[in-house]
Structures are given as structure tokens and as C-alpha cells.
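Following: one structure in C-alpha cells, then a few remarks.
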Amino acid sequence: MISKTRRTILQTLATSTAGLMVGPLRAQEGWPTRQIRIVVPVAAGGIIDLVSRNLAEALRVPLGVPIIVESRPGADHIIGTQFVAKSDPDGYTWLCGSVPFTTTPHLLSKPPFAPLQDFKPVALLATSPNVLVVPTTLGVRTIKELIALGRSKSDGLTYVNPGNGSSNHLGTEQLRAATDLAMTGILYKGQPPAVVDLLSGRVDFMVMSSSLATPHIKAGKLVPLASVASQRLPQLPDVPTMKEVGFESVTVIPWFGILVPAATPGAIVERIHREIRGAAATDAYRAGIDRIGAVPALDQSSADFAAMLRAEYDQWPALFERAGITKS
């Protein structure tokens, strides 16, 4: 028989435990009740920022709360990414990540975040495929001609490297591995500063963002040789993919997706994913992505996005080793 005192203690404990459980459950059921912020780990105005703002506008009415896009740039995405990793896991702080989310930890001896442990992937938003381009003055029109030119030169080819570990750099390293060509990278602080040198012919080629390359292609200043994409790009329908020209191992495609702190409740993650996929199916959202020059992501699950990130994360060490990229 349980004594009255013991029974009272057990009842008190049960009530307290139930209270602890009900609080978070009620918070999940009522989510969202206040402003949501999407943290962008780069300066405002870039494609990640534009993709995030397009999403924020598409979700404003369905979620019924303000959604702001907050830039926290610096240190190759680290500052903004680390900020979100340390934020409260309540569904009100999101990260819009891209390729450096998986590359940065391999580039640092003491990485400040672990992408596969510190975050839950929610939804892939869009991709922005790159295009291999050469200046018109180089005189080549196909990737085979570029390779032949490289083999004919004792010092090989020069290429634009807008940042170590960037999708442009990594795609070029995949091309180097596939062709065994001698290549020398010219390092720039981002893609825009490199365009002048590329257009003038001071650099032989670049794996460039399709949104940045397209105006110069249409103006006749750059020649597109192949796109790094799963299918031909709508804005460049005559340009073959890397797979079509025999280089299916060149696969690095810039992506943009939403992630939240790892301890965020599953019910909230599922709700965010559901709302994003609903917004992504609207004409307004897709038109916004098209204006940015990106490609809307396929309708996939959070698990699909997580598997994509795992595969991407696991491929970098071998590529970095081949390219001679060392940790800092």
C-alpha cells in the first residue's frame, strides 16, 4: 500500500512532468505566433538573399506572421551559419544555406559548426547551375576545342577562381580531374570582379553562375561550352550539359535551402516543410525564382534534402586532396 505522503509526492511529480510536456506541445501546436527570420550568411543583394526574399514573400500570407530576411555576412558563410546553429530551436530562426555549408568544415582545422549534426535540413528551394564559358576572343566553340587548346600550350589553361571551396572552383577541379589538363587558377574575391578580366581575355575560362553569364553570352562577349546541370537550361537551350559532352563527373551545382537548429521539434520542421512546398507550387513563387535566374527545386522531402547534403559533404575530402586544398 502506498502511503498518503508518497502518493502526494507521486501526484506532484506527475503533474509537474505533464506540465513540462504540455508546454512544448502547446508551443508546437500554436506555431507560428510571432516574427520569423531567415538568416542569409552573405551580404544583401546576392542570389541567396534574393531567393530568401522570394520565399519570405510567398510565405507571408500562408503563415500569417512577418518574415524578415536578415543578412549576417562574413568568413565564408561562417558567421551567419554559426548564429543560426546557436539560436533557440523554436522554429523562428532559419538559415538559407548553400554549397559552403558543406565545404567550410573541410577547409578549417577547427570548424565552428558541424553541418550534419548541428542542423535539420528542411527544404531545398532552388539551384543556380553554372556554365563553362570562354571569352569570344579565345577562338574556341566547344569543350573539345578548349581541351585541345589546353594540351597545345606548355603551361596549360588559366581559369577564374572566385573563392577556394566555391562551386565555381570545385566544378573546375572536377573538370581538371576528368581531363588531366594543366590549369592555373587566378584567385578573385567573388565572381563580379573577375568578369572584366574574363571578357578581356586575360583569363582563359570560368565556370560561372548562369544568371551572371547569360547577359554576356547574349551580348556575344562570352561563349558557353557546357552547363553544369541535370538538364539543359531554359535560358540557354542550345548549350549542352556536362553529361552530354562526356563529363558527367562535373556535378557541383549551387543550391539554396532552408535549415533549422538540430533540436527544433519534428512537428515544426514538418510544418515549415509543408508550407514551403505549398508556396513553391505557386506561380508567383516560380516567377520570382525565374527572374532571379535560378531553377526551382523539385518537390522533395526533408529526408531527400538531408541525403543530398550528406552525399555532397562526403565527396569533398577526396576532391580537396586532389586539388591540393589544405585546411587553414
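The values are calculated or read from the model by the stated rules, or taken from the named source; none is laboratory data. Remember, predicted model here, so these are calculated numbers, not experimental data. Ideal geometry is used to build each Cβ from the backbone, glycine not excepted, and the neighbour counts take in all protein chains shown.
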What pairs can you find where one residue is in region 290-306 and within 14 Å of ILE48 (Cα to Cα) and in the same structural domain as LEU124 (by TED's automatic domain parsing), the other is of a type in the set (A, V, I, L, M) and in a loop (DSSP other than H, G, I, E, B), and their Cβ atoms are less than 6 Å apart, with a gap of 6+ or different chains?
-> none
When LEU236 is run through (1) at pLDDT 95 or above; (2) of a type outside the set (Val, Ile, Thr); (3) not assigned by TED's automatic domain parsing to the domain that holds CYS96, the failure sits at (1)
Provide a single number: the residues in region 130-154 that are within 18 Å of ALA194 (Cβ to Cβ) and not hydroxyl-bearing (Ser, Thr, Tyr).
-> 8
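If the requirement is being touching a strand residue (DSSP E or B) at 6+ places or on another chain (Cβ under 8 Å), outside any loop (DSSP other than H, G, I, E, B) and either in contact (Cβ under 8 Å) with a residue 40 or more places away in the chain or on the phi < 0 side of the Ramachandran plot (or both), which of these qualifies: ILE79, ILE38?
Residue meeting the stated conditions: ILE38.
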How many residues are β-branched (Val, Ile, Thr) and either under 20 Å from THR251 (Cβ atoms) or modelled with pLDDT under 95 (or both) when one looks only at region 108-141?
-> 3
Look at region 243-287 and say how many of its residues are in contact (Cβ under 8 Å) with a residue 40 or more places away in the chain, in contact with a helix residue (DSSP H, G or I) (Cβ under 8 Å, 6 or more places away or on another chain) and either among the aliphatic types (A, V, I, L, M) or not in a loop (DSSP other than H, G, I, E, B) (or both).
-> 23
Can you pull out the residues in region 94-140 that are surrounded by fewer than 18 Cβ atoms within 10 Å (Cβ to Cβ), among the polar types (S, T, N, Q) and over 28 Å from ILE268 (Cα atoms)?
-> SER109, THR136, THR137
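If I filter region 147-160 for residues that are assigned to a loop (DSSP other than H, G, I, E, B) and either surrounded by 21 or more Cβ atoms within 10 Å (Cβ to Cβ) or of a type in the set (D, E, K, R) (or both), do I get at least one hit? Reasoning before the result, please.
Filtering region 147-160 for residues assigned to a loop (DSSP other than H, G, I, E, B) gives 153-156.
Of the ones still in play, those that are also either surrounded by 21 or more Cβ atoms within 10 Å (Cβ to Cβ) or of a type in the set (D, E, K, R) (or both) are 153, 155.
So far as region 147-160 goes, yes, one or more of its residues are assigned to a loop (DSSP other than H, G, I, E, B) and either surrounded by 21 or more Cβ atoms within 10 Å (Cβ to Cβ) or of a type in the set (D, E, K, R) (or both).
Give the residue that is farthest from PRO261 (Cα to Cα), with candidates limited to residues of region 112-129 that are within 12 Å of the chain's Cα centre (by Cα) and part of a strand (DSSP E or B).
THR127
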Among the residues of region 277-293, is there at least one that is crowded, with 17+ Cβ neighbours inside 10 Å, within 15 Å of the chain's Cα centre (by Cα) and of a type outside the set (Val, Ile, Thr)?
-> yes
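Which residue is surrounded by the most Cβ atoms within 10 Å (Cβ to Cβ), if the candidates are limited to region 294-328 and must be assigned to a helix (DSSP H, G or I) and among the charged types (D, E, K, R)? Break it down into steps so the answer makes sense when it comes.
Here is the first cut: in region 294-328, the ones assigned to a helix (DSSP H, G or I) are 302-323.
Going one step further and asking which of them are among the charged types (D, E, K, R), we end up with 304, 310, 312, 314, 321-322.
Working: ASP304: 15, ARG310: 14, GLU312: 19, ASP314: 11, GLU321: 11, ARG322: 12.
Once the filter is applied, the top-ranked residue is GLU312.
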Is region 49-56 home to any residue that is closer than 30 Å to VAL223 by Cα and assigned to a loop (DSSP other than H, G, I, E, B)?
-> no
